[in-house]
There are 2 protein chains.
Amino acid sequence: MLDRLRIVLIGTSHPGNIGAVARAMHNMGLSDLALVAPRCEVIHQESISRASGADHLLHSAARHATLEDAVADCTLTVGASARSRTLPWPMVSPRELAERLPSECQPPASRVALVFGREDSGLTNAELQRCNAHIHIPTNADFSSLNLAAAVQVVAYECRLAWLSTHTATEPSTLHEDTLASHADLERYFEHLERTLVAIEFHDPAKPRQLMARLRRLYLRARPEQIELNILRGILTATEKQTARRQVTQDTSSTHD
Amino acid sequence: MLDRLRIVLIGTSHPGNIGAVARAMHNMGLSDLALVAPRCEVIHQESISRASGADHLLHSAARHATLEDAVADCTLTVGASARSRTLPWPMVSPRELAERLPSECQPPASRVALVFGREDSGLTNAELQRCNAHIHIPTNADFSSLNLAAAVQVVAYECRLAWLSTHTATEPSTLHEDTLASHADLERYFEHLERTLVAIEFHDPAKPRQLMARLRRLYLRARPEQIELNILRGILTATEKQTARRQVTQDTSSTHD
């Protein structure tokens, strides 16, 4: 289970924090580290010192330009977030997330991404809206911003406890029968959906009114299986065909005028 | 309860670690920090930087020459320890300790000390033998030494969760912000959806192939809110409008033939 968990750090600006994250991960038995557009050197005196013997994770860390690339093969993406956002998203505590992991990690192709944002500003709304759920570590309301490595430590600790508990526990129940759609498949679906909504004149990208954000939230919450996503895309294609035919017919009919 | 918990650091040698401990404590709502014979400057550029706004804990920290002085007024003293010791001591996990705290902190004069040792060598046997119990954070057996502040973070996090659980005002995790759609609303949606899928020639009720069953399962799993269902129905209406227009245009164009 722990080998299915990926820690994704976006736009980290202090090498020491990356090193401390590597140490916390290795302490808890995690090894898959992905770095999205780091704003500092990764292999640095400070990161190696703080990794304190876990610097092999710094060397093996995958580098990506975007969050989308970093989580393309993941079936569950959870982003660390402060509580209040304009459009509330499904919110889990570290413990609730960890308790779900044994069943989440059961299908053979499953992979779970835990995404942590910038030291100064966290994750952007666009990044948060790529996540199935948000994770919030309970903190003192007057002083709520955890150090990046401390946040990873807490979440990784809960993951380790959940993993330890599976050594004695019974088979977890599953919500899904088929392989879950990957992040990249879902992003292709959202692009297709937006294109179709524009074509049927339901959506005006100039006046978005959170429409796509709301639809994202709905479908990300549902965690579509691959077969379900195929159906949803089939519906979009059939809809587009209607719109295209109408336009052809209109063009034909106007030549008659 | 949290104001009855004291974090005791013995012989710390890095100011940055003391600062990071102060931050972790303040994040979790703890404020009583005691330093026993620190082997570095406490008020230092590095400790203030890592405290990141919690440096008042550095200034208010009590200084002691011995562990005995630091925990003299405590009714329970728990020392962080690696697992194997020559003389086994009562051993608790952070979670077990946290679960005991609400009752431990009930008597009016009670005070609980959580003691953390040196970065390089932990607590001595003599220090461990002053403790009522030892606490062990589960770690990767091949890489078990946590950073000092990371260890304090994990234990303080468990204490905070235990404290939150004694309050009814704990923030519940939320999956939904708005009122959920009713069963009847959902059934109306499924009827509308099926009608539309027939209209766009995606669905043939004579050859159903479990299509509607699969779509039902997807949307019922997502538990749509009312506002989301309104959007989904709006999309169906916009789709039907396209289909209707096409038919009108076709009818018009055929009169020209």
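The values are calculated or read from the model by the stated rules, or taken from the named source; none is laboratory data. All values derive from a computational prediction rather than experimental measurement. FYI the Cβ positions are ideal-geometry reconstructions off the backbone, even for glycines, and counts take in every protein chain you see. The area values use the complete protein model at the heavy-atom level, side chains included, leaving out ligands, DNA and RNA. Shrake-Rupley method; radii C 1.70, N 1.55, O 1.52, S 1.80 Å.
Restricting to segment B:20-42, count the residues that are touching a residue at least 60 places away in the same chain (Cβ under 8 Å) and closer than 11 Å to B:ALA54 by Cβ. Matching residues across segment B:20-42 total 8.
Of all residues in segment A:127-157, those satisfying the criterion of being in a helix (DSSP H, G or I), facing chain B (nearest Cβ under 9 Å) and not aliphatic (A, V, I, L, M) are A:GLN153, A:TYR157. For segment A:17-51, a tally of residues being open to solvent by less than 10 Å² (accessible area, probe 1.4 Å) and of a type in the set (S, T, N, Q) returns 2. Here A:LEU67, A:LEU57, A:LEU128, A:LEU87 are screened, and the one residue that is surrounded by 17 or more Cβ atoms within 10 Å (Cβ to Cβ) and touching a residue at least 60 places away in the same chain (Cβ under 8 Å) is A:LEU67.
A:GLN210 meets each of the listed conditions (1) open to solvent by 50 Å² or more (accessible area, probe 1.4 Å); (2) free of Cβ contacts under 8 Å to residues at least 60 places away in the same chain; (3) under 29 Å from B:ILE227 (Cβ atoms) apart from (2). Scan segment B:124-140 for residues that are of a type outside the set (Ser, Thr, Tyr) and within 26 Å of A:GLY16 (Cβ to Cβ) and jot them down. Listed by number, the residues that qualify are B:ILE137, B:PRO138, B:ASN140.
Residues that are at pLDDT 85 or above and within 13 Å of chain A (Cβ to nearest Cβ) within segment B:196-209 comprise B:THR196, B:LEU197, B:VAL198, B:ALA199, B:ILE200, B:GLU201, B:PHE202, B:HIS203, B:ASP204, listed in sequence order.
Here's the yes/no breakdown for (1) under 25 Å from B:LEU161 (Cα atoms); (2) of a type in the set (Val, Ile, Thr); (3) outside any strand (DSSP E or B):
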| site | (1), (2), (3) |
| --- | --- |
| A:ALA20 | yes, no, yes |
| A:LEU30 | yes, no, yes |
| A:ARG39 | no, no, yes |
| A:ILE43 | no, yes, yes |
| A:SER47 | no, no, yes |
| A:ALA54 | no, no, yes |
| A:LEU57 | no, no, yes |
| A:ARG63 | no, no, no |
| A:ASP73 | no, no, yes |
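Looking at segment A:36-65 only, could you name the residues that are aliphatic (A, V, I, L, M) and in contact with a Ser or Thr (Cβ under 7 Å, 6 or more places away or on another chain)? Residues satisfying the conditions are A:VAL36, A:LEU57, A:LEU58. Residues of segment B:8-61 that are more than 14 Å from chain A (Cβ to nearest Cβ) and among the hydroxyl-bearing types (Ser, Thr, Tyr): B:THR12, B:SER60.
Could you check segment A:3-16 and list, in sequence order, the residues that are open to solvent by 10 Å² or more (accessible area, probe 1.4 Å) and either within 18 Å of the chain's Cα centre (by Cα) or under 20 Å from A:GLU158 (Cβ atoms) (or both)? Those that are open to solvent by 10 Å² or more (accessible area, probe 1.4 Å) and either within 18 Å of the chain's Cα centre (by Cα) or under 20 Å from A:GLU158 (Cβ atoms) (or both): A:ASP3, A:ARG4, A:ARG6. Checked against the criterion of being more than 14 Å from the chain's Cα centre (by Cα), closer than 20 Å to A:ARG217 by Cα and among the acidic types (Asp, Glu), segment A:52-59 has no qualifying residue.
Could you tell me which of the residues B:THR174, B:THR168 is within 8 Å of chain A (Cβ to nearest Cβ) and modelled with pLDDT under 90?
Every option except B:THR174 fails the conditions.
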